1. Select, from 112, 107, 71, the only residue that is touching a residue at least 12 places away in the same chain (Cβ under 8 Å) and surrounded by 16 or more Cβ atoms within 10 Å (Cβ to Cβ).
2. I'm trying to understand the selection: among the residues of the range 115-127, which are part of a strand (DSSP E or B) and surrounded by fewer than 17 Cβ atoms within 10 Å (Cβ to Cβ)?
3. List every residue pair whose Cβ atoms lie under 6 Å apart, where the two residues are 6 or more positions apart in sequence or sit on different chains, the first residue falls within the range 128-154 and is more than 10 Å from residue 117 (Cα to Cα), and the second residue, located anywhere, is open to solvent by 70 Å² or more (accessible area, probe 1.4 Å) and not in a loop (DSSP other than H, G, I, E, B).
4. Go through 86, 94 for me and flag whichever is open to solvent by less than 20 Å² (accessible area, probe 1.4 Å) and in contact (Cβ under 8 Å) with a residue 24 or more places away in the chain.
5. Restricting the search to the range 128-148, which residues are surrounded by 15 or more Cβ atoms within 10 Å (Cβ to Cβ) and closer than 28 Å to residue 65 by Cα?
6. Report whether or not residue 16 is at pLDDT 95 or above and either in contact with a Pro (Cβ under 7 Å, 6 or more places away or on another chain) or surrounded by 10 or more Cβ atoms within 10 Å (Cβ to Cβ) (or both).
Amino acid sequence: MNRRIAVLAGCIAALTLAACAASTPPATPAPPPAPPPTGAQAEIQAETRVTGSVFYRERIALTPDAVLQVDVVESASPGGTETVVGTQTIQSPGQVPIAFSVAVPSDRIRPDATYTLRARITDAGRAYGTPTPIPVLTQGHPSQDVQVLVRIGG
């Protein structure tokens, strides 16, 4: 019986100490506001990223010599000129799906313009490409998690 009382007293003492330790610390003043971004931080904020993955359905493995190129293109008008506003090239990308992230300068994006994404994989004499450009960035089109299906000769 005395042992049970000793164990119970020990538990109560431990709970009391835990309650004291859990009390809230004194309030600390809020940190000052962050300074405006400079250098690399400003560069990161000055760009928009188009991200996603490229894949194909053929059951053919890519070799280590494969190259993936993903371009974001601004189209002036249907049948008009096109300007590449962002590109990413990945040497030896591994197997599909291949993740990409293309940086586009934010000041190059106009809400009224049309932007499309094109992808091309070249490997061992084969070429895979987007059969039709994929709309991105503006006019309700996505810029994140874009799924790009490429086809042989596309």
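The values are calculated or read from the model by the stated rules, or taken from the named source; none is laboratory data. Not measured: the values here are computed from a predicted model. Ideal geometry is used to build each Cβ from the backbone, glycine not excepted, and the neighbour counts take in all protein chains shown. Keep in mind that these areas ignore ligands, DNA and RNA; they rest on the heavy atoms of the full protein, side chains included. Shrake-Rupley method; radii C 1.70, N 1.55, O 1.52, S 1.80 Å.
1. Just one listed residue meets the conditions, 71.
2. If we filter the range 115-127 for residues that are part of a strand (DSSP E or B), which is where we start, we get 115-123, 126-127.
Across the range 115-127, the qualifying residues are 122, 126, 127.
3. If the second residue must be open to solvent by 70 Å² or more (accessible area, probe 1.4 Å) and not in a loop (DSSP other than H, G, I, E, B), the pairs left are 128/152; 129/120; 131/151.
4. One residue alone meets the criteria, 86.
5. Within the range 128-148, 128, 129, 130, 133, 134, 146, 148 meet the criteria.
6. no
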